[in-house]
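Structure record follows, encoded as structure tokens.
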Amino acid sequence: MYRAANFMVGEHRENLAYNEILTNPDILSDYTLQFFGPEGPYPVYESEQQLATPGYPTAPVSNEGMVPGSQMPAPPQAAAPAAPQDFWGNFKQQMEVDPTQAWRVINQASPQTMAQKLFVME
């Protein structure tokens, strides 16, 4: 019982602190400056020299695979969209093999294929 009471008191104090930082612009400003300051976890760099990453290659990139007359690489060629009955099977297979690339399969779906699917979030 004592442990639960300490937990609730701690949660209440944390909620009060969140409320204070989000409603008092001076405290929020101080926290933001500290968080993004030179000693914070996400320091903000103010000069181009500070942004330079040692060891990063600065040699020009070859023009192979570039769009003619452009500095941009050519976009990857999209595969023909699969039939709706095959699409979800392909998506399931991609999720089993490499879920981080499943968005590529979704990008190839037609709006009708996506509209016919019931999505559930757990």
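Summary of values
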| item | result |
| --- | --- |
| Matching residues in region 1-17 - criterion: being within 29 Å of the chain's Cα centre (by Cα) and loosely packed, with under 10 Cβ neighbours inside 10 Å | none |
| Residue tally, condition surrounded by fewer than 10 Cβ atoms within 10 Å (Cβ to Cβ) and at pLDDT below 70, over region 18-58 | 8 |
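The values are calculated or read from the model by the stated rules, or taken from the named source; none is laboratory data. Computed from a predicted model, the values in this text were never measured in an experiment. Quick reminder, even Gly has a Cβ in these numbers, built from the backbone with ideal geometry, and neighbours come from all protein chains shown.
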